[in-house]
Amino acid sequence: MTSILIRGAALPSGEATDILVADGIVTEVGSGISSAASSVIEASGLTILPGLVDLHTHLREPGFEQSETVLTGSRAAAIGGYTAVFPMANTSPVSDTAGVVEQVMSLGDAHGYVTVRPIGAVTVGLAGQQLSEIGAMAASRAKVRVFSDDGICVSDPLLMRRALEYVKTFDGVIAQHSQDPRLTEGAQMNEGVLSGELGLAGWPAVAEESIIARDVLLAEHVGARLHVCHVSTAGSVDVIRWAKARGIQVTAEVTPHHLLLTEELVRDYDSRFKVNPPLRRNEDVLALRAALADGTIDIVATDHAPHPLESKQCAWDEAANGMVGLESALSVVQASVVDTGLMSFADVARTMSTSPAEIGRLAGYDVPFAVGSSANFVLYDPSVSREFATDQLRGKSLNSPYLGFTLPGRVVATIHNGRPTVLDGELLAPEEVARG
Ligand SMILES: [Zn+2]
């Protein structure tokens, strides 16, 4: 029997406690637990959070293994404090059948660093023409509950309606990449004064806001659940706030980079800052932070998007969109909303673990720290800061926007289903973590 005693950790509420874990389950919580646990983690001075859950990750396998694999992405997740990730469907083949989603889930299970719960494609081949085998994926061993064509918007309103009707039958959710394709043809950065100055084609806020407005009305009409991926504008926040006040079943996510970075970074044409949706204005960043703090935006999701060097080291127009984010997410959230006084670590636990698990219908995360619950934790030191460099990355790709930044906090340990994946700030070796 594997047992771990975590001694003296500060709960998100600030109160210090000991936690005893045996066979993957929390067996005792309180101060002064004495036990002959097989290992002890001294955690005084550290904050303990429930294991982080990422509802929006790109693991790239199958098909794009030069960018990331389920193993390397799982390691990037674990070092960032994650214990579960939902990989998007834009793989090759696309995750649009029961076979592919089961394969991705099995790879995650075998590696053991994190729980991998694949997202299924809404349309066959992400082509936006016909619905994929949504029911077969939902009924498969992977029990898919989240469906998305992420990377591409389901722009056809009739297909979107049919998809919402379908997932409603088994309590699934459509996660929409809200981007009107016509309004963003050739778009290279946020549309505004700066795009004019730099001579780059603009990606207007209305291209996101108009799709969200349409989709919340469709969700209301159907009575189904809608999740809005990577909200990036102040206007989108207003639409979602209106929809929630009306009782529409809509949830929304914001990425760490949209909470910290602005379009000003595009000035030097450094393609590490090229992402979709693009970095926006400072007033958008401030609106997104406020919306996360007041619950209009429910969760933080990374949109971890690994790309090999050659896809980024080229002219801005040709560079791929996307940033890696799993390793830096918790630090960026601390910098943008905790250290600015907008949110507590209890709010971080809700927006980075409890709520994403609930939206994705992932069991075991609803009552963290309760006796009998699954032991998924991250031990975090918010008091330190670190120079963020490539030596902090554990995935296969290095396209982080934070290289050279000083970021607060450090993940000291991650526990996945009662077993450590990270100790003393370092990943355990694959053979120590793999499920036999
Ligand atoms: Zn997207």
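Contact map, segment 414-436: first residue at pLDDT below 95, second residue in a helix (DSSP H, G or I) and surrounded by fewer than 21 Cβ atoms within 10 Å (Cβ to Cβ), Cβ cut-off under 7 Å, separation 6 or more or different chains; pairs are Ala434/Ala110; Arg435/Asp109; Arg435/Ala110. Among the residues of this structure, Thr115 counts as one that is open to solvent by 10 Å² or more (accessible area, probe 1.4 Å) and among the hydroxyl-bearing types (Ser, Thr, Tyr). Pairs are defined by a Cβ separation below 9 Å, a sequence spacing of at least 6 or placement on different chains, a first member in segment 144-169 that is within 23 Å of Pro277 (Cα to Cα), and a second member that is among the aliphatic types (A, V, I, L, M) and surrounded by fewer than 17 Cβ atoms within 10 Å (Cβ to Cβ); the pairs so defined are Asp149/Ala127; Ile152/Ala127. I'd like the full set of residues that are closer than 12 Å to Val122 by Cα and part of a helix (DSSP H, G or I), limited to segment 154-164. Residues satisfying the conditions are Leu159, Met160, Arg161, Arg162, Ala163, Leu164. Just to be sure before I move on: is Glu102 under 23 Å from Ala357 (Cα atoms), away from the ligand (no atom under 16 Å from the Cβ), open to solvent by 20 Å² or more (accessible area, probe 1.4 Å) and out of contact with any Leu (no Cβ under 8 Å at 6 or more places or on another chain) in the structure I sent? Yes. Residues of segment 133-165 that are away from the ligand (no atom under 16 Å from the Cβ), farther than 18 Å from Pro118 by Cα and surrounded by fewer than 24 Cβ atoms within 10 Å (Cβ to Cβ): Asp156, Pro157, Leu158, Leu159, Arg161, Arg162, Glu165. Remark: pairs (first residue in segment 197-214, polar (S, T, N, Q); second residue surrounded by fewer than 21 Cβ atoms within 10 Å (Cβ to Cβ) and not in a helix (DSSP H, G or I); Cβ separation under 9 Å; 6+ apart in sequence or on different chains) = Ser210/Asp180. Applying the set (1) surrounded by fewer than 17 Cβ atoms within 10 Å (Cβ to Cβ); (2) part of a loop (DSSP other than H, G, I, E, B) to Leu200 leaves exactly one unmet item: (1).
Set side by side, the residues Leu183, Leu265, Leu217, Leu260 differ, and just one is more than 25 Å from Gly322 (Cβ to Cβ), at pLDDT 95 or above, open to solvent by 10 Å² or more (accessible area, probe 1.4 Å) and hydrophobic (A, V, I, L, M, F, W, C), which is Leu217.
Cβ-Cβ distances below 9 Å connect the following pairs, each with a first residue in segment 268-286 that is without any contact (Cβ under 8 Å) to a residue 40 or more places away in the chain and open to solvent by 10 Å² or more (accessible area, probe 1.4 Å), a second residue that is more than 16 Å from the ligand (Cβ to nearest atom) and of a type in the set (D, E, K, R), and a separation of six or more residues or different chains: Asn282/Glu263; Asn282/Glu264. Look at (1) within 16 Å of the ligand (Cβ to nearest atom); (2) surrounded by 21 or more Cβ atoms within 10 Å (Cβ to Cβ) and you find that Gly172 fails only one, number (1). Scanning segment 14-36 for residues that are surrounded by fewer than 23 Cβ atoms within 10 Å (Cβ to Cβ) and either in contact with a Lys or Arg (Cβ under 9 Å, 6 or more places away or on another chain) or under 20 Å from Phe345 (Cα atoms) (or both) returns Gly14, Glu15, Ala16, Thr17, Asp18, Gly24, Val29, Gly30, Ile33.
The values are calculated or read from the model by the stated rules, or taken from the named source; none is laboratory data. Quick caveat: nothing in here was measured; it's all calculated off a predicted structure. We place every Cβ from the backbone using ideal geometry, glycine too, and count neighbours over all the protein chains shown. The area values use the complete protein model at the heavy-atom level, side chains included, leaving out ligands, DNA and RNA. Shrake-Rupley method; radii C 1.70, N 1.55, O 1.52, S 1.80 Å.
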